[in-house]
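Contents: one structure, followed by commentary.
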Amino acid sequence: MRRKLLFLIVFVLVLFVYGCQTQANITQPHHTNPVQANNAAENVVFYIAHQDDDVFISSRIQHHLKSNDNVYVVYTCLSYQHGQRYKMRRINESNRAMQALNVLPENVFYLGFPDMESHKHINELINTTDSLFSIIKPDIVYTSAYEGGNIDHDVANLSISHLIYEHGYNFQAFEFPEYSGYDTRFKFKYRNFPDTPKTYVKKLSEEEYKAVIQHWDFYKSQKFPINILMAITSGKKAIFGYEYYRRLPRYDYSQKPPSGKIAYERYLKATFDDFIMETQFLPTTQTGQTIPQPDISVGDDLGK
């Protein structure tokens, strides 16, 4: 009993120090907005793996809705391994979250690829997305970052890049981090890319922050572990109090993400070798270039 109590005390102290470092080292805001402004309503797609990933880009969803853009949310995966009831619970949570944001029900899509196994269906995923995008005709797409945190996030990122370079789409593409920085321990910088181009960072107003938290509150099935961490570290604003995204670089997906770390190998059966095995036969072009996009003026106004 004493050993268990001692272990619990040490664990709490470690998380407390971890949280303090999180607050101290958070990425400093800068105001070079990479999204090209357009006065006309645009078709904006949030292309994400799971029902709750949208919370990490919630402020952009809300911004584009307020700008009267046509907002679409595309979930690539569904959770089958925990049974039909759990799968429907997550769908219902995201439906209620999108309804609260005023995203049109007909603009929310569930592609239905298996959670944590989308890499095994990469060609079908890309072709399905291509068919959907040929109808939506997106002007702007946001997707999860290529960061090795979750294999489904990396597959979504690869899919968007592939549509641009191999299928001829010319929409503006952006990625947003969810896992970057997790493995730096006491030098933790949450959601901070280790390479260029730099992430656009905006500290949310109190009103914007509360709106993101309201969005997060719909995902009760996913809240328990994160709420424990936030309660111990006071890290909620470090997670949800900022807006992070950047232009999607042109990655070489045969190489590990810039951080060099593959976090999903620790808690999934999937490995980076599995990712390579399933994606290596996709057509590729020269790597190392950034998607060509117009220069954006520098200013504090977020614009579109």
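The values are calculated or read from the model by the stated rules, or taken from the named source; none is laboratory data. Just so we're clear, the structure is a prediction, and the values are computed from it rather than from any experiment. All Cβ positions, glycine included, derive from the backbone under ideal geometry; neighbour counts span all protein chains shown.
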Q. Name the pairs: first residue in segment 121-142 and in contact (Cβ under 8 Å) with a residue 24 or more places away in the chain and under 21 Å from residue 174 (Cβ atoms), second residue hydrophobic (A, V, I, L, M, F, W, C) and surrounded by fewer than 19 Cβ atoms within 10 Å (Cβ to Cβ), Cβ to Cβ under 6 Å, at least 6 apart or on different chains?
A. none
(Q) Condition first: within 20 Å of residue 279 (Cβ to Cβ) and of a type in the set (Lys, Arg). Now tell me which residues in segment 99-154 satisfy that. (A) 120
Q) Taking helices (runs of 4 or more DSSP H) that fall entirely within segment 186-242, which contain at least 2 residues that are at pLDDT below 65 and out of contact with any Pro (no Cβ under 8 Å at 6 or more places or on another chain)? A) 223-233
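Scan segment 20-53 residue by residue and report those that are in a strand (DSSP E or B) and either modelled with pLDDT of 95 or more or of a type in the set (Val, Ile, Thr) (or both).
43, 44, 45, 46, 47, 48
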Q: Please enumerate the residues belonging to segment 279-294 that are at pLDDT below 50 and either touching a helix residue (DSSP H, G or I) at 6+ places or on another chain (Cβ under 6 Å) or buried (at least 16 other Cβ atoms within 10 Å of the Cβ) (or both).
A: 285, 291, 293
Q. Out of all the residues in segment 248-278, which are surrounded by 15 or more Cβ atoms within 10 Å (Cβ to Cβ), part of a loop (DSSP other than H, G, I, E, B) and either in contact with a His (Cβ under 8 Å, 6 or more places away or on another chain) or among the small types (Gly, Ala, Ser) (or both)?
A. 259, 263, 270
